[in-house]
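A short write-up of the structure that comes next.
The values are calculated or read from the model by the stated rules, or taken from the named source; none is laboratory data. Because the structure is a prediction, the values reported are computed rather than measured. So basically every Cβ, Gly included, is an ideal-geometry build from the backbone, and we count neighbours across all protein chains shown. When the accessible area is computed, the model is the full protein with side chains, heavy atoms only, and any ligands, DNA or RNA have been set aside. Shrake-Rupley method; radii C 1.70, N 1.55, O 1.52, S 1.80 Å.
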Amino acid sequence: NYTASLSWGRNTLNRGMFADRGASQSVGAEFSLPGSDLAYYKLSYNGQLFIPLGNPWVMRLHTSLGYGDSYGDTSRLPFYKNYFAGGFGSVRGYSDNTLGAKSCVALCPNDPYPEVVGGNILVEGGAELIVPTPFAAGNRQIRTVLFYDVGNAYDTSVPGYDVDLALLGSGVGINLHGQPAIGPLSFSLSRPLNKQTGDDTQAFQFTIGQGF
């Protein structure tokens, strides 16, 4: 396959790390070129907005949207180009990439360990309230966040996994971000909401090296 991509972005954040005002957004497109074995395209949008509520309280709103499909003789988006949801940077409270369509739904519905296969549509969003950190007031290297995440990956080619907002996974919790010498660290304690049968949840999660 031969692919090309286009992107556009705008960033007015006041800081690259631990921003507390401004916004950023980006739009992207990926598509296969003539002569490829598969014909498909993907479109994506990512945006975030920081709203100061009075130092140090800040509201952050964010969303990620994606859509992919095939054209020509290709019948569907290649499975390895699917979107996935769940985990840090997506919907906290769920294991990484575990939300969305499951394999073997029609042929073996009693399989206790279905594989998550993702989908051609991604819907994610959420709200965060940045609050004072009790033990580190005024420290810009530590940030405490109360969050609400929501999202899912849908597959329009699989019966039962088309877009249904009632199936959006969601979670609430508290997140602690830090910037020690070893690199960015983030810890979250969350409670999943609207859990569906087969969803893999995680109350405690952490990541190393992910930007904030």
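Below, the figures for the structure above:
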item	result
Index of the failed condition, Asn194 passing every other in (1) exposed (fewer than 15 other Cβ atoms within 10 Å of the Cβ); (2) farther than 19 Å from Val91 by Cβ; (3) not β-branched (Val, Ile, Thr)	(2)
Members of the stretch 148-169 that are open to solvent by less than 10 Å² (accessible area, probe 1.4 Å) and within 30 Å of Val131 (Cβ to Cβ)	Asp149, Gly151, Gly169
Failed condition for Lys42, given (1) charged (D, E, K, R); (2) open to solvent by 50 Å² or more (accessible area, probe 1.4 Å); (3) in contact (Cβ under 8 Å) with a residue 24 or more places away in the chain	(2)
Restricting the stretch 71-122 to residues that are of a type in the set (Gly, Ala, Ser) and farther than 24 Å from Leu193 by Cβ, the residue that is modelled with the lowest pLDDT	Ala106
Residue, most open to solvent (accessible area, probe 1.4 Å), within the stretch 172-181, restricted to residues that are out of contact with any Phe, Trp or Tyr (no Cβ under 7 Å at 6 or more places or on another chain) and assigned to a strand (DSSP E or B)	Ile174
Residue check, Gly68 more than 16 Å from Tyr41 (Cα to Cα), at pLDDT 95 or above and open to solvent by less than 50 Å² (accessible area, probe 1.4 Å)	no
Hey, Asp96 surrounded by 14 or more Cβ atoms within 10 Å (Cβ to Cβ) and within 25 Å of Gly169 (Cα to Cα) or not	yes
Odd one out for Arg92 among (1) in a loop (DSSP other than H, G, I, E, B); (2) more than 26 Å from Pro159 (Cβ to Cβ); (3) out of contact with any Asp or Glu (no Cβ under 7 Å at 6 or more places or on another chain)	(3)
Residues located in the stretch 182-207, provided they are assigned to a loop (DSSP other than H, G, I, E, B) and among the polar types (S, T, N, Q)	Asn194, Gln196, Thr197, Gln202
Residue that is of a type outside the set (Lys, Arg), closer than 14 Å to Phe18 by Cα and surrounded by fewer than 17 Cβ atoms within 10 Å (Cβ to Cβ), where the choices are Val131, Val145	Val131
